Amino acid sequence: MASLIYELNSDGKITKKAEYTVDPQKALINYIMQYKRNNWNTWQYPHTIEGIRESGTVKNHFYYDDGSLVIASYPA
């Protein structure tokens, strides 16, 4: 399964940031750990990160608030 990562900034601009070949929740965890926490040791990634939430209306769509950004992960 492929997943896409997007960032939405406070101005409403949406930017595609990454693609992963894992499910959307795992892709979001990978992106946060790699690009926000600068941790590339994938063996030690958590199974979840506090603050990640699944969409209330669409299954398999995940979001994370990172300051003034919202990071989204969707199936490709």
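The values are calculated or read from the model by the stated rules, or taken from the named source; none is laboratory data. Because the structure is a prediction, the values reported are computed rather than measured. In this analysis, Cβ positions are derived from the backbone assuming ideal geometry, glycine residues included, and neighbour counts consider all displayed protein chains.
Output the residues belonging to region 36-48 that are closer than 19 Å to LYS17 by Cα and either in contact with an Asp or Glu (Cβ under 9 Å, 6 or more places away or on another chain) or surrounded by 12 or more Cβ atoms within 10 Å (Cβ to Cβ) (or both).
Start the filter on region 36-48 by keeping residues that are closer than 19 Å to LYS17 by Cα, which leaves 36-40, 42.
Correct list: LYS36, ASN39.
Checking SER10 against (1) free of Cβ contacts under 8 Å to residues at least 40 places away in the same chain; (2) part of a loop (DSSP other than H, G, I, E, B): exactly one of these is not met. Which one?
With (1) free of Cβ contacts under 8 Å to residues at least 40 places away in the same chain; (2) part of a loop (DSSP other than H, G, I, E, B) applied to SER10, the lone miss is (1).
Would you mind stating whether ASN60 is loosely packed, with under 15 Cβ neighbours inside 10 Å and modelled with pLDDT of 95 or more?
On the way: loosely packed, with under 15 Cβ neighbours inside 10 Å: yes; modelled with pLDDT of 95 or more: yes.
Here the answer is yes, as ASN60 does meet what is asked.
From the list LYS16, LYS26, exactly one residue is in contact with a strand residue (DSSP E or B) (Cβ under 6 Å, 6 or more places away or on another chain) and either polar (S, T, N, Q) or at pLDDT 95 or above (or both). Which is it?
Working: LYS26 fails: in contact with a strand residue (DSSP E or B) (Cβ under 6 Å, 6 or more places away or on another chain).
Just one listed residue meets the conditions, LYS16.
Select from region 21-64 the residues that are basic (Lys, Arg), part of a helix (DSSP H, G or I) and under 16 Å from MET1 (Cβ atoms) and list them in ascending order. Show your work before the answer.
Restricting attention to region 21-64, the residues satisfying the condition of being basic (Lys, Arg) are 26, 36-37, 53, 59.
Going one step further and asking which of them are part of a helix (DSSP H, G or I), we end up with 26, 36.
Passing the criteria: only LYS26.
List the residue pairs whose Cβ atoms are under 8 Å apart, where the first residue sits in region 65-76 and is in a loop (DSSP other than H, G, I, E, B), the second is crowded, with 18+ Cβ neighbours inside 10 Å, and the two are 6 or more positions apart or on different chains.
Pairs found: ALA76/SER3.
Could you count how many residues in region 18-32 are of a type outside the set (D, E, K, R) and either out of contact with any helix residue (DSSP H, G or I) (no Cβ under 8 Å at 6 or more places or on another chain) or surrounded by fewer than 10 Cβ atoms within 10 Å (Cβ to Cβ) (or both)? Before the answer, list the steps.
Within region 18-32, the subset of a type outside the set (D, E, K, R) is 18, 20-22, 24-25, 27-32.
Right, trim to either out of contact with any helix residue (DSSP H, G or I) (no Cβ under 8 Å at 6 or more places or on another chain) or surrounded by fewer than 10 Cβ atoms within 10 Å (Cβ to Cβ) (or both) and you get 21, 24-25, 27-29, 31-32.
Of the residues in that region, 8 qualify.
Mind listing whichever residues of region 40-57 are closer than 18 Å to LEU8 by Cα and either touching a Cys at 6+ places or on another chain (Cβ under 8 Å) or not small (Gly, Ala, Ser) (or both)?
If the condition is that a residue be closer than 18 Å to LEU8 by Cα and either touching a Cys at 6+ places or on another chain (Cβ under 8 Å) or not small (Gly, Ala, Ser) (or both), then ILE52, ARG53, GLU54 are the ones that fit.
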